[in-house]
Amino acid sequence: MSRALRAVALAVLLVLAGCQAIEDLKSNPKFEDAKILATVKAQLAREDRSTMQEIDVNVDDGIVKLKGNISSADKKNKAGEIAAKVRGVKSVVNNIEVKP
């Protein structure tokens, strides 16, 4: 086998191994939870940065848990709706307290 052919074969094997590693990472529940967490936080910040940054967000196995204090029931409900729309979210536990 020529050197060039061996080099190409090795490169193909390395690429395939890298693809498998990425797929393994994507199927990891903690990776999915981290992705959901980042997306929920970004969407909340986009909605109302000053109010929504008071909300703590945690994700465990696709279940989003919201807690903190917020000034109105409408904002509490909106935060829950935003979280529920994120891809991969199984359910939302909205423990945000309304404190005017």
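FYI, it's all coordinate maths here, none of it is from the lab. Here the structure is a predicted model, which is why all the values come from computation and not from measurement. Positions of Cβ are generated from backbone atoms using ideal geometry, with glycine treated the same way; all protein chains shown enter the neighbour counts.
Once the chain from Arg6 to Asn94 is taken as fully extended at 0.36 nm per residue, the excess over their C-alpha distance is 26.0 nm.
Counting alpha carbon pairs within less than 8 Å and at least 6 residues apart, what relative contact order, in whole percent, applies to segment 29-98? Please list the in-between numbers first.
Values: 112 pairs, mean separation 23.9, N = 70.
Computed value for segment 29-98: 34 percent relative contact order.
When all alpha carbon pairs of segment 29-98 are counted in 10 Å bins from zero, the resulting P(r) reads 24, 59, 17, 1 %. Counted by neighbouring Cβ atoms within 10 Å, the residues Ser50, Ser91 run from fewest to most as Ser50, Ser91.
Potential lengthening of the chain between Gln53 and Val15 amounts to 9.6 nm, from the contour at 0.36 nm per residue minus the alpha-carbon distance.
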